[in-house]
Amino acid sequence: MNKIITVVIAALLILACSSKKNGNMIVKGNIKGLKKGTLYLQKMNDTAIVSIDSMNVYGDGNFTLTDNVDSPVMYYLTFDGNATDKRILFFGNKGTITINDHIDTFGFSPEITGSKNQLVLNDYMNINNQFKNQRLEFIKKEFEAVRSKDTDLIEKIKNDFNRMIRRKYLYTANFALNNGDSEAAAYIALTELYDANIKLLDTVNSSLSTEVKKSMYGKRLDSYIKGIKDRESN
């Protein structure tokens, strides 16, 4: 009887393992220097970040996580070990995505391959980081001008700052227009052009490919623009 029970349990375990579905997106790689911790694959669900998959890592930092992806979307790779406040943000899609990083600089400059949208996003961020640095410089200059009570300089700094913002908007819109076949273009428009002129947003939206318009971020962008138009018409 015991042998029969053992065989039945083993069969059930085999069936359970074989019926486990692997996601159509596999995220794997190595976090060098991570000796112990739990890695989490996360993404936004409405307004909350939820964990999709997790894996305990011991010794070598190798990991494999999965999810089912209907439309390319942003994911987070986080862990509860050495630095829970750090994360890697990446564009997920069907297929295998490889992420390599180091525990000491986790999230600052990870190597990410296997995501076409990530390549597009990286190209944009390289330039956008320059705009961010310029913004910090303007804040510093304005602080010094206010402290010295130089009203003329304060006005000049404000005007220069507004011109820089307009350049950023135009660059971002042009970048999205040139990458209309990438879901990253819709994501960039949503996150970087949300307060831009509605005509600029409309132009970007019209340039998106049919496939991108059907994606999650494409639908969100279209809905966002329609919401603005509805409010302006009332």
Yes/no for LYS43 being out of contact with any Gly (no Cβ under 6 Å at 6 or more places or on another chain), closer than 20 Å to THR113 by Cα, at pLDDT below 95 and charged (D, E, K, R): yes
Could you tell me how many of the residues in region 194-210 are small (Gly, Ala, Ser), within 12 Å of LEU177 (Cβ to Cβ) and either touching a strand residue (DSSP E or B) at 6+ places or on another chain (Cβ under 8 Å) or part of a loop (DSSP other than H, G, I, E, B) (or both)? 1
Restricting attention to region 103-127, and to residues there that are crowded, with 17+ Cβ neighbours inside 10 Å and of a type in the set (S, T, N, Q), which single residue is farthest from LYS156 (Cα to Cα)? SER115
Identify, please: which residue in region 211-234 is of a type outside the set (Ser, Thr, Tyr) and not in a helix (DSSP H, G or I) and is, among those, surrounded by the most Cβ atoms within 10 Å (Cβ to Cβ)? LYS214
Test of understanding: among GLY95, GLY107, which residue is over 14 Å from the mean Cα position of the chain (by Cα) and either of a type in the set (Lys, Arg) or outside the structural domain of GLU183 (by TED's automatic domain parsing) (or both)? GLY95
Might you check whether a residue that is on the phi < 0 side of the Ramachandran plot, without any contact (Cβ under 8 Å) to a residue 40 or more places away in the chain and among the acidic types (Asp, Glu) occurs anywhere in region 62-84? no
Please work out if ALA173 is modelled with pLDDT of 95 or more, surrounded by 15 or more Cβ atoms within 10 Å (Cβ to Cβ), among the small types (Gly, Ala, Ser) and more than 24 Å from ARG231 (Cα to Cα). no
Which of the residues spanning region 80-112 are over 24 Å from LEU221 (Cα atoms), in contact with a helix residue (DSSP H, G or I) (Cβ under 9 Å, 6 or more places away or on another chain) and in a strand (DSSP E or B)? ILE97, ILE112
Mind listing whichever residues of region 49-72 are in contact with a Gly (Cβ under 6 Å, 6 or more places away or on another chain) and surrounded by 14 or more Cβ atoms within 10 Å (Cβ to Cβ)? VAL57, THR66, ASP67, VAL69
Conditions (1) free of Cβ contacts under 8 Å to residues at least 40 places away in the same chain; (2) in contact with a strand residue (DSSP E or B) (Cβ under 6 Å, 6 or more places away or on another chain); (3) at negative phi; number of the one not met by THR96: (1)
Taking region 32-42 and the residues there that are crowded, with 16+ Cβ neighbours inside 10 Å and free of Cβ contacts under 8 Å to residues at least 60 places away in the same chain, the one that is farthest from GLU111 (Cα to Cα) would be GLY37
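The values are calculated or read from the model by the stated rules, or taken from the named source; none is laboratory data. Keep in mind it's a predicted model, so treat the numbers as computed, not measured. Cβ: placed from backbone, ideal geometry, glycine included. Neighbour counts: every protein chain shown.
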